[in-house]
Amino acid sequence: MSADTSTAQATPTAEEEVLDLCRDLIRIDTSNYGDGSGPGERAAAEHVAGLLHEVGLRPEYVEGFPGRGNVVVRVPGEERGTAERGALLLHGHLDVVPARAADWTVDPFAGAIADGCLWGRGAVDMKDMDAMLLAVLREMTRTGTRPPRDLVFAFLADEEAAGTQGAQWLVENRADLFEGVTEAVSEVGGFSVDLDGRRTYLLQTAEKGLAWLRLVAHGRAGHGSQVGTDNAVTRLCAAVTRIGEHTWPLEYTATVRQFLQGVSEITGVRFDEDDPSALLATLDTTARWVGATLQNTANPTVLEAGYKHNVIPGTATALVDTRFLPGRQDDLMATIRELAGERVDVEVVNESVALETEFAAPLVDRMRSALEAEDPGAAVLPYCLAGGTDNKSFSHLGVRGYGFAPLRLPAGMDFAGMFHGVDERVPVDALGFGVRVLRRFLATC
């Protein structure tokens with residue numbers, strides 16, 4: 001009798017261990033400053049690898065760059081990846097954006113629990129999903145549960161800097177790890193919002209593309225006391241103002257249109273294509289995210305020029321963050337170059353593709369079924385992410401990516417504001433909910 005009790009205590013369920021898994025990950029600082037100066041992901045990746053070894057798995061630890069750890073493990077399925085479906089990739093990133101402790105109510109790397117939530121940098125972006133995946137995978141392995149198809153779990157570095165030293169490097173150098181993968185699931189989707197009293201889960205089927213640009217304005221260098229008729233700083237500022245104040249036209253992709261039509265049906269508010277503001281208002285805090293998916297965007301973020309007060313510099317530079325809708329990259333770049341004007345060079349520093357895939361798909365049906373089984377009566381809608389995920393990198397291998405990190409959230413919670421925000425936190429019971437949904441999903445995927 002005592003032996004059986006001991007065994008039960010030694011093998012917790014996924015729901016029982018997901019909180020501790022997430023808390024431990026948050027306590028490992030994996031801040032990504034984008035310039036290689038951070039601590040890197042090695043400690044977190046080694047921790048993840050240890051958790052997988054503990055239950056008898058044999059993950060592969062991969063570093064493309066010093067300290068930038070990635071962990072990948074394949075779980076054979078009953079069907080061994082059929083030709084029709086192939087293997088399914090479930091991936092999450094281990095890095096987080098930096099956090100200034102002075103701005104937070106709690107220590108961002110302490111993993112504090114208060115007011116029913118787990119607080120800390122990465123609580124929603126995306127160590128919560130990492131923990132849920134780990135919890136379900138460890139449980140599957142302990143119980144000997146085999147999924148219908150091959151599953152590849154990947155815990156990755158550098159997503160917060162476009163994945164250059166993480167997913168992108170793996171795709172370019174270790175594509176063998178993802179052999180046979182046809183579909184992928186990762187962040188930012190599967191979370192709930194309240195629409196007119198009805199809980200609705202937003203499942204990500206599209207994401208905007210990214211182009212980080214550098215503007216370089218040229219002029220005549222000289223003494224600050226002279227009449228300046230060819231000033232690089234003036235020319236740059238004019239270009240930046242034109243770009244920053246440009247009004248981009250509203251454009252509705254298939255995903256966004258289907259989402260807004262679904263919101264209209266639930267709320268009863270008409271979808272006015274010329275002015276969707278009334279419909280967006282029904283989304284409360286999520287409206288900011290959705291509003292950014294109705295058009296291309298371009299935001300100047302950094303200015304740099306000169307080295308002394310009385311010296312007119314010969315060049316001045318600015319950084320601009322642009323995001324484009326699927327199929328609209330060429331239009332965005334042409335507009336930016338026109339707005340920049342003569343003698344201002346437009347250089348692409350980093351770019352990644354826009355993605356859009358089908359909502360009417362067998363894999364989506366299985367996600368919906370898993371959500372509806374745990375939350376009967378809820379609605380599920382597709383949506384487009386204004387930012388980007390590592391699905392962009394995996395798309396180069398022909399992998400269709402979705403955002404599905406299921407969380408049932410309280411009405412009114414500013415979940416979108418938690419991403420890269422101060423006092424990031426996730427409800428504790430949402431982690432348990434996510435585990436249950438993922439368990440159902442992976443049993444039928």
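The values are calculated or read from the model by the stated rules, or taken from the named source; none is laboratory data. Quick caveat: nothing in here was measured; it's all calculated off a predicted structure. Ideal geometry is used to build each Cβ from the backbone, glycine not excepted, and the neighbour counts take in all protein chains shown.
Listing for the model above:
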{"read-out": "A340 vs. criteria in contact with an Asp or Glu (Cβ under 9 Å, 6 or more places away or on another chain), buried (at least 19 other Cβ atoms within 10 Å of the Cβ), among the aliphatic types (A, V, I, L, M) and in contact (Cβ under 8 Å) with a residue 60 or more places away in the chain", "value": "no"}
{"read-out": "Check on R270, under 23 Å from F419 (Cα atoms), surrounded by fewer than 16 Cβ atoms within 10 Å (Cβ to Cβ) and outside the structural domain of A318 (by TED's automatic domain parsing)", "value": "no"}
{"read-out": "Extreme residue, farthest from G197 (Cα to Cα), among residues of the range 273-307 that are small (G, A, S) and over 24 Å from the mean Cα position of the chain (by Cα)", "value": "G306"}
{"read-out": "Failed condition for N231, given (1) over 27 Å from R328 (Cα atoms); (2) at pLDDT 95 or above", "value": "(2)"}
{"read-out": "Residues (of a type in the set (G, A, S) and surrounded by fewer than 21 Cβ atoms within 10 Å (Cβ to Cβ)) located in the range 417-441", "value": "G417, G421, G432"}
{"read-out": "Residue tally, condition farther than 18 Å from W289 by Cβ and either part of a loop (DSSP other than H, G, I, E, B) or in contact with a His (Cβ under 9 Å, 6 or more places away or on another chain) (or both), over the range 424-445", "value": "1"}
{"read-out": "Number of the condition not met by K392 [criteria: (1) closer than 30 Å to P300 by Cα; (2) exposed (fewer than 15 other Cβ atoms within 10 Å of the Cβ)]", "value": "(2)"}
{"read-out": "Some residue of the range 294-313 being more than 29 Å from G34 (Cα to Cα), among the β-branched types (V, I, T) and assigned by TED's automatic domain parsing to the domain that holds V216", "value": "yes"}
{"read-out": "Residue check, L363 of a type in the set (A, V, I, L, M, F, W, C) and not assigned by TED's automatic domain parsing to the domain that holds L133", "value": "yes"}
{"read-out": "Close pairs from the range 359-380: first touching a residue at least 60 places away in the same chain (Cβ under 8 Å), partner aromatic (F, W, Y) and assigned to a loop (DSSP other than H, G, I, E, B), Cβ under 6 Å, at least 6 apart", "value": "M367/F404"}
{"read-out": "From the options G412, G377, G314, G327, residue that is exposed (fewer than 15 other Cβ atoms within 10 Å of the Cβ), over 17 Å from L202 (Cα atoms) and more than 19 Å from the chain's Cα centre (by Cα)", "value": "G327"}
{"read-out": "Some residue of the range 375-385 being closer than 18 Å to D130 by Cα and either assigned to a helix (DSSP H, G or I) or touching a helix residue (DSSP H, G or I) at 6+ places or on another chain (Cβ under 8 Å) (or both)", "value": "no"}
{"read-out": "Candidates A184, A206 - the one that is in a strand (DSSP E or B), crowded, with 23+ Cβ neighbours inside 10 Å, touching a Ser or Thr at 6+ places or on another chain (Cβ under 6 Å) and modelled with pLDDT of 95 or more", "value": "A206"}
{"read-out": "Residues of the range 209-228 classified as surrounded by fewer than 19 Cβ atoms within 10 Å (Cβ to Cβ) and under 13 Å from the mean Cα position of the chain (by Cα), total", "value": "0"}
{"read-out": "In the range 79-114, residue modelled with the highest pLDDT [restricted to those that are more than 25 Å from G166 (Cα to Cα) and of a type in the set (K, R)]", "value": "R85"}
{"read-out": "Number of positions in the range 224-265 that are of a type in the set (D, E, K, R) and either touching a His at 6+ places or on another chain (Cβ under 7 Å) or free of Cβ contacts under 8 Å to residues at least 60 places away in the same chain (or both)", "value": "4"}
{"read-out": "Whichever residue in the range 132-177 is over 14 Å from D390 (Cβ atoms) and without any contact (Cβ under 8 Å) to a residue 60 or more places away in the chain and, among such residues, is surrounded by the most Cβ atoms within 10 Å (Cβ to Cβ)", "value": "T143"}
{"read-out": "One residue from V256, V233, V263 being among the β-branched types (V, I, T), farther than 25 Å from A206 by Cα and in a helix (DSSP H, G or I)", "value": "V233"}
